[in-house]
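Working notes for the structure below.
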Amino acid sequence: MIRYKKYQNQTKSTPLSAKWLARAVADETLDTRALAEHMAKHNTPYSQGAIHGVLKDMTSCIKELLLDGKNVKLDDLAIFGVGIRGKPADTSKDWSVTTNVVGLRLKCRATGTLAINQLKLEAQLKELSPYDIEGANTGGNGGEDDRPGEL
């Protein structure tokens with residue numbers, strides 16, 4: 001179940017100003033060790049420690065490959081790559097790494113069973129905590145709305 005909160009856009013210079021939107025809210029972030037523990041519970045012959053070690057090594061190797069200019073695809077998860085954040089130059093001759101590169105970013109594009117079209121088919125939404133909508137108090141008990149929505 002994907003939980004969300006509604007919020008009102010406060011940005012003035014946009015067509016979405018004062019409009020209500022939804023933002024996904026995660027109730028927990030699992031680290032590599034917790035992911036390994038979860039995976040070990042799925043009838044695998046591998047221990048939590050073995051899985052954790054493989055995941056840690058995988059993370060290090062992905063970083064190494066990304067820094068070597070490669071993309072890394074984990075089937076049914078994502079393709080990871082590096083992008084460049086930069087400022088434009090008027091000519092090719094005027095462009096330089098020191099002047100025009102602002103930073104790097106990690107790109108991640110979902111693939112296979114995690115691709116957005118597949119997620120839309122399987123996801124259910126639930127409001128985490130109602131907001132005061134257009135001046136009418138929703139009762140605001142801070143709990144979850146028991147009415148799941150569909151995409």
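The values are calculated or read from the model by the stated rules, or taken from the named source; none is laboratory data. Predicted model, so just to flag it, every value in this text is computed and none were measured. Neighbour counts are summed over all protein chains in view; Cβ atoms, including those assigned to glycine, are modelled from backbone coordinates with ideal geometry. Ligands, DNA and RNA are stripped out before the accessible areas are found, and what is left, the full protein with its side chains, is counted by its heavy atoms. Shrake-Rupley method; radii C 1.70, N 1.55, O 1.52, S 1.80 Å.
Can you confirm whether Asn43 is polar (S, T, N, Q), open to solvent by 70 Å² or more (accessible area, probe 1.4 Å) and within 21 Å of Thr111 (Cα to Cα)?
no
Which pairs turn up if I take residues in region 1-24 that are among the hydroxyl-bearing types (Ser, Thr, Tyr) and look for partners that are surrounded by 12 or more Cβ atoms within 10 Å (Cβ to Cβ) and not in a strand (DSSP E or B) with beta carbon separation below 9 Å, at least 6 apart in sequence or on another chain?
From residues that are among the hydroxyl-bearing types (Ser, Thr, Tyr), the pairs are Tyr4/Leu128; Tyr7/Tyr131; Ser17/Asn9.
Residues Thr59, Thr29: which one is assigned to a helix (DSSP H, G or I), under 26 Å from Gly81 (Cβ atoms), out of contact with any Gly (no Cβ under 6 Å at 6 or more places or on another chain) and open to solvent by 70 Å² or more (accessible area, probe 1.4 Å)?
None of the others qualify; the one that does is Thr59.
One line per residue, one yes/no per condition, for (1) open to solvent by less than 80 Å² (accessible area, probe 1.4 Å); (2) modelled with pLDDT of 95 or more; (3) under 26 Å from Ala26 (Cβ atoms); (4) of a type outside the set (Lys, Arg):
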residue: Ala50; (1), (2), (3), (4): yes, yes, no, yes
residue: Leu55; (1), (2), (3), (4): yes, yes, yes, yes
residue: Leu77; (1), (2), (3), (4): yes, no, yes, yes
residue: Arg85; (1), (2), (3), (4): no, yes, yes, no
residue: Leu106; (1), (2), (3), (4): no, yes, yes, yes
residue: Leu119; (1), (2), (3), (4): yes, no, yes, yes
residue: Gln124; (1), (2), (3), (4): no, no, yes, yes
residue: Glu144; (1), (2), (3), (4): yes, no, yes, yes
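At pLDDT 85 or above and open to solvent by 100 Å² or more (accessible area, probe 1.4 Å): is that true of Glu134 in this structure?
So Glu134 fails the test.
Are any of the residues in region 19-26 of a type in the set (Lys, Arg), out of contact with any helix residue (DSSP H, G or I) (no Cβ under 6 Å at 6 or more places or on another chain) and surrounded by 12 or more Cβ atoms within 10 Å (Cβ to Cβ)?
no
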